[in-house]
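Here the structure comes first, spelled out in C-alpha cells, and everything after it is commentary.
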Amino acid sequence: MGQHTTAPQKGLRAGLAVALVVGLGGGVYAVWDAKHGECSDVSDISVIVEGDLGGYVTQLADQAEKNSCIDYTVEAVPASHVNDRLTQADAPDIWVAESPTRVRQVANTLGRTWSDIGPSLGTSPVVVAGHQLPDLPSWSKVLTMPALRVDPPAKSDVSNAAVVGALAEMSSGSMTHQQLIDTLTMRALRMNDEDGAPDLKAMAASDKPSLALTTERVFAAFKAAEPNAAINAAVPQSGTVALDYRIANVAQGDREAPADDAIVALTSVLQTDEGKKIRQSENIRPADSSPLPDDRGVGNANIIVPPNRELVDNIQRKWTALTLPIRALVVQDVSGSMKQDAGGKSRAELLRDASVFGLSKFPRNTSLGYWEFSSDRGGEGIPYREVVPIGPVLGTTDGKSNKDLLAAAIDNSLSNLHGGTGLYDTALASFKKVYETYDPAYSNSVILMTDGRNEDRNSITLEQLVSELNIMKNPARRIPIITVGISKDADVYALKKISDATGGSSFIAQDPKDIGQILLRAVSYRVEGA
C-alpha cells in the first residue's frame, strides 16, 4: 500500500474552517443543503472506531447523513486490532482514535505519514474510581498502588494517559527517569500476572476498598445508571490527562478526497444543537475539556499539558510493548548432538531444566506452543513436528493443566534424541505458523533453540530462507524469531541472519549452563525491540 501524504489534510483543514464559519453565521447545516434522499451520487465511507466510542460516532454519522450525500459504515475495532485492520484489503477511510499519540504510534509502526491529525470529536479526563479512595498525590503514586485495576494499552488508551501523567511529573523534576521506569515495569508485571480489568459494578457490590483507572465518561454513565452506588471518582493532586478522541483520514489514493469531505460533514455536526446533545448524552467533554453539565464527572479538573511529543511517543511505545502478554512458539532442537556432555549433564538435560524453569517465570496471561525438530521428525522430509499447539498456559486440555502438558512434552522430546538438524525449513515453517495464527492482542514471537547448524541437504538455503522471511514481513504483524544457540557448535552466523531478517535477536550460550538466564532474556526481548 502506498504512503498517505499530508497534502489532502490541508484541504481538510480549509474545508472544515469554511464549514464552521458558515455554521456560525446561519446554522452549520446550511453548508450541507443537499438532502440525502435527493442525492444522485452517494459516497460510501467506512469508519473504524477505537475502544467504546462506536455508539457515539454512529450517532454523529446518522446526523451527518441526513444533510449530506454520504453513507457511513461505522465499525468498532479493539485498539489491539487497529494496525492489522488498517493494512487489510478493505482498509477503512477514516479512523477515530482515543488520542493523537495513538495515531502517531500506529503511523510510525506502519510507515505512514499521518503527521497532520484531524479534529477532535471530544475529550474525557482519566479518573481514579473506586470505593474508599485513598489520597492521590500523583500519578506515579497511583501506578504503584497494588489494588489498582486498569486495562492494558491493547484494550484502551487509559493507562497510556496515566503514564503521560507520570511522565509530566518526571519532567517537572518530582521523580527521576529511573524511578519512572521502575514504576512502569512493576505495574506492567502486575498487569501481566493478574486479571486487572476494571469493573465498577463489581467494585460497588463489594465493601472492600478498591480503585480502578477509567474515563470520566464511563464513570458518569455508571453513576447515572447506579446513582446510589458507593463508587466515587477523583484525579491526582498533580492533575490528570484527558483522552482526546481524534479523527484521521487514513484513506488511500482517490479515496482521500471523499474521506476529507466525510470528516468535515461529521465534525460539523458537533457545531449544531443536536450534535452537542449527542456529545453530552455520551458524557464526553468538548475539545477544550470544559466540564460536563449538571455536576457530572469530576468537574474542574486540572488537565495536564503533556511534555515533549517525542518523549511521550517513546515512553508509550515501550509501555505498550511491556504490557503486551506473551504469545510464543517454542521450537527446540532434538537432534542426536543434543546428547553430548556439557559438564555432568547432556545439552538436552540442561535445556530441559532451563525450559521447565522458564515455564515457572512466564506471566499468568502467557500463551505458548511447542515444536520439536530433527531429521524426518514430522514425517519423511519434514524436520519439524507440532507437539503442543499455542494456547494459554493457565488453560486446561482434557482436564490437564496446559503448563503441565508443556513440561511433559518438553521432557519427552528431550528424552528422544536422534537425527540431524533441519534448521532452515523449521525456521520458515514456525514463522509461517505464528503469522497465520497471529493474535494482535499479544506480543507474538518464535523462540528457536539449537546446538548445531543446518544438516538437511534437501532443505532451502539460508539465502532462500532470509528472502522468504523478508517477503513475509509485515509491520502490522511483528513476529521476531529469537534464536538461542546452545554451545560453541551453534551456527552463530546463520542464527543471527535469521533473527535479523525478522527484527529479532540472537543469543548464544557458549556455556550450556547459561541457557536458563539466556532463555529469560530471550523472553523479555519484546520490550527491547520496541
Mind checking the dipole of the chain: about its Cα centre, +1 per Lys or Arg Cβ, -1 per Asp or Glu Cβ, Debye to the nearest 20?
1160
Using Cα-Cα distances under 8 Å and only pairs 6 or more residues apart, what relative contact order does the stretch 167-244 have, in percent?
24
Relative to the longest principal axis of the C-alpha atoms of the chain, give the angle of the C-alpha long axis of helix 402-413, reported between 0 and 90° and rounded to the nearest 10°.
30
The answer for the net charge of residues other than VAL269 whose Cβ lies under 11 angstrom from its Cβ, with Lys and Arg +1 and Asp and Glu -1, is 0
Debye intensity ratio I(q)/I(0), log10, the stretch 372-530, q values 0.08, 0.10, 0.12, 0.18 Å⁻¹ (C-alpha model):
-0.23, -0.36, -0.53, -1.27
Linear extension gain, ALA91 paired with ASP514, 0.36 nm per residue minus alpha-carbon span:
147.7 nm
Testing the spin-label approximation: label points 7 Å from Cα along Cα→Cβ at VAL492 and LYS361. State their distance in nm.
2.3
Furthest towards positive pole of dipole, THR397, LEU270, PRO236, structure part the chain, Cβ charges:
PRO236
For THR73, residues with placed amide H under 5 Å, excluding near neighbours
ILE45, SER46, VAL47
Heavy atoms only, probe 1.4 Å: what % of the accessible area of the chain goes to carbon and sulfur, would you let me know?
50
Centroid-to-centroid separation of the stretch 38-78 and the stretch 188-212 [C-alpha atoms, Å]
34
Starting from the Cα of ASP41, move 7 Å in the Cα-to-Cβ direction to define the label point; list residues of the stretch 71-86 whose amide nitrogen is under 15 Å from there.
71
Once amide H atoms are placed 1.01 Å from N in the peptide plane, what residues at a sequence separation of 5 or more from GLY378, or on another chain, have their amide H within under 5 Å of its amide H?
TYR384
Full extension between LEU133 and ASN300 adds, at 0.36 nm per residue less the Cα distance, a length in nm of 58.2 nm
For GLU194 and ASP404, FRET efficiency with R0 = 22 Å and r from the beta-carbon atoms, rounded to 0.05?
0.55
Could you give the angle, 0 to 90 degrees to the nearest 10, between helix 216-225's Cα long axis and the longest principal axis of the Cα atoms of the chain?
70
Pairwise Lys count, the stretch 254-406 - Cα closer than 30 Å, eight or more residues apart or different chains:
10
Per residue accessible area in Å² of the stretch 248-353, where ligands, DNA and RNA are left out and the probe is 1.4 Å:
43
Between ALA229 and ARG477, what is the FRET efficiency for a Förster distance of 51 Å, r being their Cβ-Cβ separation, to the nearest 0.05?
0.75
Is the shape of the chain best called rounded, prolate or oblate, per the rule: a/c under 1.5 gives rounded, else a/b larger than b/c gives prolate, else oblate, with a ≥ b ≥ c the square roots of the Cα gyration tensor eigenvalues?
prolate
Distance in nm between MET145 and LYS345 label points, each 7 Å along Cα→Cβ, equals 4.4
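Using helices alone, what [θ] at 222 nm do you get for the chain, with -39,500 (n - 2.57) per DSSP H run of 4 or more residues, divided over all residues and rounded to the nearest 500?
-12000 deg cm²/dmol
Residues with beta-carbon under 10 Å from that of ILE390, excluding ILE390: net charge, scoring Lys, Arg +1 and Asp, Glu -1?
My count for the surroundings of ILE390 gives 0.
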In nm, to one decimal, how far is the ASP353 label point from the ALA257 one, both placed 7 Å along Cα→Cβ?
7.1
Excluding ARG477 itself, what net charge comes from residues whose Cβ is under 13 Å from its Cβ, given Lys and Arg +1 and Asp and Glu -1?
+3
Cα centre as origin, Lys/Arg/Asp/Glu Cβ charges: the stretch 246-357 dipole, Debye
560
Any chance you could give the angle, 0 to 90 degrees and rounded to 10, that helix 423-436 forms with the longest Cα principal axis of the chain?
30
Quick one: 3J(HN,Hα) in Hz for the stretch 248-255, Karplus 6.51/-1.76/1.60 with θ = phi - 60°, rounded, Gly and Pro as x.
10, 7, 10, 6, 10, x, 6, 7
Can you tell me the dipole magnitude for the stretch 185-254 around its Cα centre, using point charges on the Cβ only (Lys, Arg +1; Asp, Glu -1), in Debye to the nearest 20?
180
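The values are calculated or read from the model by the stated rules, or taken from the named source; none is laboratory data. Keep in mind that this is a model prediction, so the values were computed, not measured. When we count neighbours, we look across all protein chains shown, and the Cβ atoms used for this are built from the backbone with ideal geometry, even at glycine. Keep in mind that these areas ignore ligands, DNA and RNA; they rest on the heavy atoms of the full protein, side chains included. Shrake-Rupley method; radii C 1.70, N 1.55, O 1.52, S 1.80 Å.
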